[in-house]
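First up is the structure itself, then whatever we jot down about it.
The values are calculated or read from the model by the stated rules, or taken from the named source; none is laboratory data. Only a predicted model underlies this, so the values are computations on that prediction, with no experimental measurement involved. As a convention, Cβ positions derive from the backbone with ideal geometry for all residues, glycine included, and neighbour counts pool all protein chains shown.
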Amino acid sequence: MTTRNYDLMKWLSFAMIITFIDQITKYLATTNLMYGDPRALLPGINFTLFHNTGAAFSFLADQGGWQRWFFAILTILISAGLILWLKLLSHKEIATRIAICFILGGALGNLIDRLIWGYVIDFIQLYYSSWYWPIFNIADASITIGAILLICTGSSFGKAD
């Protein structure tokens, strides 16, 4: 195995750890929560099991089911692009690599749900007074963290050694 391939496998392992954490928390939510019944964790945070057949903020959730495959294919294509980007990055671009792994790990976590269940399992609900943020999961949080980190690094695609 070449050094570059070993390096890529190391980073992909990091993304898979994120995917694994996401899947474990979704399993725990599914086995311990009643659908739609909020369980208070802390003030401002509930665990509420929800199935999202759409994308972010339930985008396209009310469609006839075609969106499951659309989002699955889109996720596969984006994930392939992220893996290629990860492979092309310089060894010095650690923050960009971490950001890509967060995005990739989250994307794969939600992809697994779509392929197995036909929906994404969400369970984290944030609120303040009577204002509620849309319910999300660890994969969604991971994608958001990765995107913010990517923006903060100011990275561009294709910076190779």
Which residues, counting only those in the stretch 1-35, are aliphatic (A, V, I, L, M), over 23 Å from Trp133 (Cα atoms) and not in a helix (DSSP H, G or I)?
Met1
Of (1) out of contact with any Leu (no Cβ under 8 Å at 6 or more places or on another chain); (2) in a strand (DSSP E or B), Gly81 satisfies every one except (2)
Restricting attention to the stretch 36-51, which residues are over 21 Å from the mean Cα position of the chain (by Cα) and part of a strand (DSSP E or B)?
Arg39, Ala40, Leu41, Leu42
Determine which single condition Leu77 fails, assuming it passes every other condition in (1) surrounded by fewer than 20 Cβ atoms within 10 Å (Cβ to Cβ); (2) within 21 Å of Phe47 (Cβ to Cβ).
(2)
What's the total number of residues in the stretch 110-136 that are over 17 Å from Ala29 (Cβ atoms) and crowded, with 19+ Cβ neighbours inside 10 Å?
1
For the stretch 36-81, which positions are at pLDDT 70 or above, farther than 26 Å from Leu104 by Cβ and of a type in the set (Gly, Ala, Ser)?
Gly36, Ala40, Gly44
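Counting only residues that are charged (D, E, K, R) and in contact (Cβ under 8 Å) with a residue 40 or more places away in the chain, which one in the stretch 1-48 is surrounded by the fewest Cβ atoms within 10 Å (Cβ to Cβ)? Break it down stepwise before answering.
Looking only at the stretch 1-48, we keep the residues that are charged (D, E, K, R), and these are 4, 7, 10, 22, 26, 37, 39.
Next cut, in contact (Cβ under 8 Å) with a residue 40 or more places away in the chain only: 4, 7, 22, 26.
On the way: Arg4: 12, Asp7: 16, Asp22: 24, Lys26: 23.
Taking the candidates together, the pick is Arg4.
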